[in-house]
1. Return the calculated 222 nm mean residue ellipticity for the chain, to the nearest 500 deg cm²/dmol, obtained by summing -39500 (n - 2.57) across DSSP H runs with n ≥ 4 and dividing by the residue count.
2. Hey, for a label at Ala9 modelled as a point 7 Å past Cα toward Cβ, could you say which residues of the range 43-71 have their backbone N under 18 Å away?
3. Which residue, chosen from Pro70, Ala42, Pro57, occupies the Cα position most advanced towards the positive end of the dipole of the chain, where the dipole is computed from +1 (Lys, Arg) and -1 (Asp, Glu) charges on Cβ about the Cα centre?
4. Please report, in debye to the nearest 20, how large the charge dipole of the chain is about its Cα centre when each Lys and Arg carries +1 at its beta carbon and each Asp and Glu carries -1 there.
5. Which angle between 0 and 90 degrees, to the nearest 10, do you get for helix 57-68 versus the longest principal axis of the chain when only C-alpha atoms count?
6. What's the carbon and sulfur percent of the chain's accessible surface, probe 1.4 angstrom, rounded to a whole number?
7. For Leu52, which sequence-distant residues (separation of 5 or more, or a different chain) have an amide H within less than 5 Å of its own amide H, given hydrogens modelled in the peptide plane?
8. Just to be sure I understand, if you calculate Kirkwood radius over Cα pairs in Å for this structure, which of (1) 11.9; (2) 13.0; (3) 13.3 do you get?
Amino acid sequence: FHDVQTLAAASSTDLSFLHNTKYIDEFKKTSAGCVFVTPDLASLAPQDTLILTTPTPYRAYAQVASHLYPLR
């Protein structure tokens, strides 16, 4: 994966996350290659999306983002 993006803006080479259930519709339609999500929502993912389940999707996403874009 090359970048982090929102569910709506992500492409197949991007990583995203679902933390707030108000974005479920975007999650169902995302083109993200990989999404961090809670286990209870994983079944709603598009078929071609790699799902990484965690109780804290935003935290997992932030950890990856900090490795892609470290503070200087």
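1. Details: 2 runs with 18 residues, N = 72.
Helix contribution divided over all residues of the chain: -7000 deg cm²/dmol.
2. Counting backbone N atoms under 18 Å from the label point, the list is 58, 61-70.
3. Checking the options against the dipole of the chain, the answer is Pro70.
4. In total the dipole reaches around 180 debye.
5. 30
6. Details: 2560 of 4810 Å².
Answer for the chain is 53 percent, counting heavy atoms of protein chains only.
7. Excluding prolines and chain starts, which carry no amide H, the hits are Val35, Phe36, Val37.
8. Correct label, based on the coordinates given: (1).
The values are calculated or read from the model by the stated rules, or taken from the named source; none is laboratory data. The model shown is predicted, which means the values in this text are computed figures rather than measured ones. Here Cβ is always computed from backbone atoms with ideal geometry, including for glycine, and neighbour counts include all displayed protein chains. Heavy atoms of the whole protein, side chains included, go into the accessibility calculation; ligands, DNA and RNA do not. Shrake-Rupley method; radii C 1.70, N 1.55, O 1.52, S 1.80 Å.
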